[in-house]
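A.B. asks: Structure incoming, see below.
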Amino acid sequence: MPKGSDLFVAALENEGVERIFGVPGEENLDMLESLRNSGIELILTRHEQAAAFMAATHGRLTGRPGVCLATLGPGALNFATGAAYAHLGAMPMILVTGQKPLMNAKQARFQIVDIVGSMKPLTKMTRQIVSAGSIPAIVRDAFRVATEERPGPVHLELPEDVAAEETANDVLIPRHALERPVASAAALDLAAETIRAAQRPLVMVGAAGNRPSLVEPLSRFVARTRLPFFNTQMGKGAVTGGSNLYMGTAALSEGDYVHEAVERADLIVAIGHDTVEKPPFLMKSAGGPKVIHVGYQSATVEQVYHPDIEVIGDIGASVEALGARLEGGLSGDEGMLALRRKIFARINDRAEEDRFPVTPQRIVHDVRKVMPEDGIVCLDNGMYKIWFARNYRTHVANTLLLDNALATMGAGLPSAMMAAMLYPGKRVMAVCGDGGFMMNSQEMETAVRLGLNLVVVILNDSAYGMIRWKQAVDGFPDFGMSFGNPDFVRYAESYGAMGSRVTAVEDLVPTLEAAFAGGGVHLVEVPIDYSENTRVLVDELRNRKPDVECA
């Protein structure tokens, strides 16, 4: 008869799982043996947090839950940040942790922490498995819950004695398609009527609009309606192809050049806005544009987001139905398109400036130059994220991965590793600050061991740059933000990777091209000048003159 761990692994195979990421412990040894005899690949990482980030990114890019494995206690607790990353970011994943035997306590309470309780606020569902026979149903339910809207993480705890328990129940539960509810015809008719009545409608694509299955429906909607659109940070890239309808990305909550389009609009059609994101605009109680919320679920009413109309149901079906109702019946707003030219002229300002250390604008410009349209850039969290959100143009969906929900440091390298594994034929780049990179830099060894082709760009300012900038903007003295760094080139080489250091601005593109051409894991250190943060994002935007009557 199979034991519990055999049944668990068979259930994972039944769900189409090909890889598990993690750091096992003694409570997972039965599970390890079952994995060894399966078709699932174990990706051993150097820290559980990185395993969780990789599993979450698998879910984000494919729509299918990634799976990660850890032992009890300290190993399981190291999953906490990754679980929150997936929970706030709506990324489907399954976290599997071990536990001491349920039926005896030979080690008393050694290493025992209530992980199920700890995971409750961080996951969609968390369960301890108490019998081997229940495993097929629990695993099937876990994948269903992780995948259905709103997607997110599910935690399963497999105690040591349950994993070793023999069971006669080896019948797996087949997968089935999830058909999501469709918005009502009345809601769609009201939304279409409101859009037709608007003089200056504007579409916003949010995080929940950026799902792999929505790329084609959303792209068709924009093509059919010819409505100008902008996106949130995590909605960036949801619509494929270059378009003269794209107005920009809301990297800030207010006051940026893209917000002139928001100020001009009399109606915003918010497709898939998830209020876990830092607000892309601040909705007013009166005097601002009306808002239509198109979502899988009802809007979360917030002080800065309280829509006037809601269209609730499968987003793909909703935008297809709206597109059919609106096609050919809308006239473009020439003033909005003129405003678009102004917005892009401003955000492209000084993109080729040749000062050194390199400015953020030049970093974005040169990265865009070396990345093909389907190349994937994975950002860690730091000041550069705002610049990439504002300035980096995407033409293919899911080619700029950033986190504007939990906004944790340390996720950039693991997420890029996952992208490189999924798409070995594409150029993949991680862009990290020196602070964020060092939080999971040990995964360089994992990347080298896996034989990945990956370029890791380290923006070096020897400080926690974003908080240092905010500290200065708020009038506080410069304190507590600076640190020393290793020699990053030698550090990379110590892991068996290659390393380069950019010493002149004109060397950036050739160095990046050479790194990609050489293959393998290549770290490129780039000194960065963040003085532009204050010049542009504070002084210039504070003094901008909105041109809402632009014609």
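A.B. asks: Report the relative contact order of the chain, percent, no decimals, based on alpha-carbon pairs under 8 angstrom and at least 6 residues apart.
C.D. replies: 13 percent
A.B. asks: Pull up the DSSP beta bridges for the chain and report the antiparallel fraction as a percent, rounded to 5.
C.D. replies: Among the beta bridges of the chain, antiparallel pairing accounts for roughly 5 percent.
A.B. asks: Let me ask something additional. Which of rounded, prolate or oblate describes the stretch 94-252 when judged by the alpha-carbon gyration tensor and an a/c cut-off of 1.5?
C.D. replies: Prolate, since a/c reaches 1.5 and a/b exceeds b/c.
A.B. asks: Still on this structure, please answer the following. Under a cut-off of 18 Å between alpha-carbon atoms, report the lysines in cross-link reach of K426, not counting same-chain residues fewer than 8 places apart.
C.D. replies: K369
A.B. asks: If the reach is capped at under 16 angstrom between alpha carbons, list the lysines near K470, excluding any in the same chain fewer than eight residues apart.
C.D. replies: The qualifying lysines are K278, K385.
A.B. asks: By counting other Cβ atoms within 10 Å of each Cβ, how are L178, L337, L95, L400 ranked from fewest to most?
C.D. replies: Ordered from fewest to most neighbouring Cβ atoms within 10 Å, L178, L337, L95, L400 come out as L178, L337, L400, L95.
A.B. asks: At R0 = 56 Å, how high is the FRET efficiency between R490 and A186 if r is their beta carbon distance? Nearest 0.05 is fine.
C.D. replies: It comes to 0.30.
A.B. asks: Determine the relative contact order of the stretch 374-481: mean sequence separation of Cα pairs under 8 Å and six or more apart, normalised by residue count, in whole percent.
C.D. replies: About 30 percent, as a whole number.
A.B. asks: Which of Q442, P74, S415 sits closest to the plus end of the dipole of the chain, meaning its Cα is farthest towards the positive end, when Lys and Arg get +1 and Asp and Glu get -1 on the C-beta?
C.D. replies: S415
A.B. asks: Still on this structure, I have one more. Given an 8 Å cut-off on Cα distances and at least 6 residues of separation, report the relative contact order of the stretch 348-537 as a percent.
C.D. replies: 25 percent.
A.B. asks: Let me ask something else about it. For the stretch 262-352, count all C-alpha to C-alpha pairs, find those more than 17 Å apart, and express that count as a whole percent of the total.
C.D. replies: Taking all Cα-Cα pairs of the stretch 262-352, the fraction more than 17 Å apart is 61 percent.
A.B. asks: Dipole size in debye (nearest 20) for the chain around its Cα centre, Lys and Arg Cβ +1, Asp and Glu Cβ -1?
C.D. replies: 800 debye
A.B. asks: Ok, one more. Could you please rank F356, F8, F437, F143, placing first whichever residue has the fewest other Cβ atoms within 10 Å of its Cβ?
C.D. replies: The order, fewest Cβ neighbours first, is F356, F143, F8, F437.
A.B. asks: Rounded to the nearest 500 deg cm²/dmol, what is the calculated helix-only ellipticity per residue at 222 nm for the chain, with -39500 (n - 2.57) per DSSP H run of length n ≥ 4?
C.D. replies: After summing the helix terms and dividing by the residues of the chain, the value is -10500 deg cm²/dmol.
Coordinate-derived values only; no laboratory data. Since the model is a prediction, treat every value here as computed from it, not as a measurement. Glycine also receives a Cβ, built like all others from the backbone with ideal geometry; neighbour counts cover every protein chain displayed.
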